[in-house]
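Colleague: Could you have a look at this structure, given as structure tokens, before my questions?
Just so you know, all these numbers are worked out from the coordinates, no wet-lab data involved. These numbers were taken from a predicted model, which means no experiment stands behind them. In this analysis, Cβ positions are derived from the backbone assuming ideal geometry, glycine residues included, and neighbour counts consider all displayed protein chains.
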Amino acid sequence: MAITTDITLAVEQLRRGGVVAFPTETVYGLGADASNPAATQRIFTIKGRPANHPLIVHIGDAGMMPEWAREIPPAARRLAGCFWPGPLTLILKRGKAPMEVTGGQDSVGLRMPDHPVALELLRAFGGGIAAPSANRFGRVSPTRAVHVRDELGDDVDLILEGGNCRVGLESTILSLIDEQPRLLRPGAISQAELEIALGETILTGTQTTVRAPGMLDSHYAPHTRMLICPTENLVAAAVNLISQNQRLAVMQRTPLQFSAGILTWPMPEHATGYGQALYAALRDLDQRGLDVILVEQPPDDPAWRAINDRLGRASHDVRHSLAEP
Ligand code: TXA
Ligand code: MG
């Protein structure tokens, strides 16, 4: 599928029920007209995503919230005012959003993305665009147009070019369905920022009334086995794996010396840069015929929360297996 900058063509595709990949500041989305169930159905087919996993509805203006949600609590208006356009998805009570989009739930996820191409597309289209990340279900989200083309090819009707995603990690998701706000997925907008804006504390962790599949244990995962290891054990872990004839890359933030035969992959020292670079690094390393991607464990610090969350899911429960080699 060709990559284009032609917004008019993209809008035409959306109007006729097509599926359009488009850039946002977080990751690329796989979009369709949110009011057209046949079109949104194609998203599930292309991704191989179970039908009960809801899609986020992207809107071009916070004033469109009442079109999709039936109740807009003051907290939603306040947060939209503070953080939209931006990497924050709000879960509200479902309004006219079709059940196909909300995965059969009586809630809807809404987000106004902060990317010029996404905003231009949304404004030219005029409606809501339902979009998950533009990758196969459970895999690494795309942060460049070529990632979408490589992974989804001709399954999509059009790919809009928008450069490298600025944030690189999926949006923060906050549910405003219940009495107290609940963080469902950490992202670039931190819990502390949300709490300051709201003037109240936010709950974390899963909740029975809302399903958020980004919260599955295994998600955002490369095909290659990924292990997370504290800095002080990294060299020993690498030696150990090499002695088992494992082909190995080390994603390192600290410039440590490794023996020949180990591919070292320097990662940015700070969380913002690391978040931007993470998915592209995983995609690149995934194509090198390696047995293991050994990741230097980032700091346990709020700035690294979204990164630690994604690394934990991408490595799926083996993260501690090398902690004491
Ligand atoms: O940054 C992002 O959020 C990107 C860009 C494209 O906007 N989108 C994205 O979509 O990451 P996706 O589908 O890969 O992840 C969306 C998450 C899923 O975990 C989904 O379950 C949750 O949002 N979600 C959507 N609607 C929901 C709802 N009504 N209730 C609970 N969770 C919901
Ligand atoms: Mg996704």
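Colleague: Please say if the stretch 1-137 is rounded, prolate or oblate, where rounded means a/c under 1.5 for a ≥ b ≥ c the square roots of the C-alpha gyration tensor eigenvalues, and otherwise the choice is prolate for a/b larger than b/c and oblate otherwise?
Modeller: It comes out oblate by the Cα gyration axes.
Colleague: Tell me, how many Å apart are the Cα centres for the stretch 77-133 and for the stretch 254-291?
Modeller: That distance is 33 Å.
Colleague: With the dipole of the chain worked out from charges on the C-beta (+1 for Lys and Arg, -1 for Asp and Glu) around the Cα centre, which of ASN52, GLN297, GLY31 lies farthest toward the positive end?
Modeller: The residue sitting farthest along the positive end of the dipole is ASN52.
Colleague: Order 91-104, 150-163, 248-261, 11-24 from most to least packed using the mean count of other Cβ atoms within 10 Å.
Modeller: 11-24, 91-104, 150-163, 248-261
Colleague: While we're here: Take every DSSP beta bridge whose two residues both sit in the chain, then give the antiparallel share in percent to the nearest 5.
Modeller: Within the chain, antiparallel bridges account for around 40 percent of the total.
Colleague: Compute the relative contact order of the stretch 3-204 as a whole-number percentage, counting only Cα pairs closer than 8 Å that sit 6 or more residues apart in sequence.
Modeller: The normalised contact order for the stretch 3-204 reaches 31 percent.
Colleague: Of the listed peptides 230-236, 291-297, what is their order by residue-averaged count of other C-beta atoms within 10 Å, with the highest listed first?
Modeller: Top to bottom by mean Cβ count within 10 Å: 291-297, 230-236.
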